[in-house]
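Novice: Have a look at this one before I ask anything.
Taken together, the values in this text are just the output of simple stated rules run on the coordinates, not laboratory data. What you are looking at is a predicted structure, and each value in this text was computed from that prediction instead of being measured. We place every Cβ from the backbone using ideal geometry, glycine too, and count neighbours over all the protein chains shown.
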Amino acid sequence: MTRSGPRLPLSPAQAARLEQWNVQRAVDVHCHCLPGLDDGPKTLDESLALCEALVADGVTTVFATPHQLGRYDGFTTAARVRHELTQLQQALHSADIPLEICPGADVRIDERLPRLVASGEVLTAGPHGKHLLLELPHRLPVDPLPTISLLAEQGIQVILTHPERHRYLAGARGRLEAWTAAGAAIQITAGSLLGDFGALARQEAWRMVDAGVVSLIASDAHDASRPPRLSAALDALARAAGRTFARTVCLENPLNVYSGASVSGCQPT
Ligand SMILES: [Fe+2]
């Protein structure tokens, strides 16, 4: 694993995840682990606690994805994200916590996105700049199709974050399929599969799994009250949708995103 400084030994949970599922890294592409930037951890100590929870959940590599634009417009700047990322990397190293962090953002949809991405003010997700986490408003429906297409022209695949948690998308299979046909990947939140966000989000998450539109599962963890739930989601998916499907959406596709490769929906087995 590439990290700044000497390689640290993996935790038992990390080692077990890599060995049991035969992957080089266990990547979480969506996590609010940086302090003081959004509704994630308030302090560096809280960030470190969340990172320890990720390590205990088997994650080796996390994309630090604070909210950008929307109500954080002008506050969560790319420079601040990079500064906090460097600080957290140093703190992890000092505390011997074996977690690799990559820059990213959970970006609220905005008509300025193509320009802000091109200028570097809005951050793409992961080391290669080939993906962008796109969040829709929670109440007001906005069609992401033009944004998906414009960013695709810039060589960037949109990863649409947690559509199962948007009530106005409940039952919207046709829209999701149109967005994936335009090149977007669908990411659902691990906790949604487990009922952490209520019965409707759980029902929608499993409906999207069954429909074959889901590419990625991520923690979207924020703090102790919204912890990473990837191990439990991985087990639930392996039981209900097959081990191959669980490996693809929880491990293989996140690793593909880390490597800069496009991902697409996956059918349960
Ligand atoms: Fe998020």
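Yes/no per residue for (1) polar (S, T, N, Q); (2) within 17 Å of the chain's Cα centre (by Cα); (3) under 17 Å from residue 263 (Cβ atoms):
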| residue | (1), (2), (3) |
| --- | --- |
| 128 | no, yes, yes |
| 131 | no, yes, yes |
| 139 | no, no, no |
| 149 | yes, no, no |
| 154 | yes, no, no |
| 157 | yes, yes, yes |
| 161 | yes, yes, yes |
| 167 | no, no, no |
| 171 | no, no, no |
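Novice: How do the strands (runs of 3 or more DSSP E) wholly within segment 21-130 filter down when requiring 3 or more residues that are within 15 Å of the ligand (Cβ to nearest atom) and within 21 Å of residue 231 (Cβ to Cβ): which remain?
Specialist: Result: 27-31, 61-64.
Novice: I would also like to ask the following. Assuming residue 125 fulfils every condition listed in (1) in contact with a Leu (Cβ under 6 Å, 6 or more places away or on another chain); (2) over 18 Å from residue 214 (Cβ atoms); (3) touching a residue at least 40 places away in the same chain (Cβ under 8 Å) apart from one, which condition is it?
Specialist: (2)
Novice: Give the residue, chosen from 244, 189, that is among the polar types (S, T, N, Q) and closer than 22 Å to residue 179 by Cβ.
Specialist: 189
Novice: Every residue in segment 160-178 that is within 16 Å of the ligand (Cβ to nearest atom) and of a type in the set (Ser, Thr, Tyr), please.
Specialist: The answer is 161, and nothing else.
Novice: Of all residues in segment 109-126, count the ones that are closer than 24 Å to residue 219 by Cβ and either among the small types (Gly, Ala, Ser) or within 14 Å of the chain's Cα centre (by Cα) (or both).
Specialist: Adding up the residues that qualify gives 4.
Novice: Now for a separate question. Condition first: surrounded by 24 or more Cβ atoms within 10 Å (Cβ to Cβ) and acidic (Asp, Glu). Now tell me which residues in segment 136-170 satisfy that.
Specialist: Residue satisfying the conditions is 164 alone.
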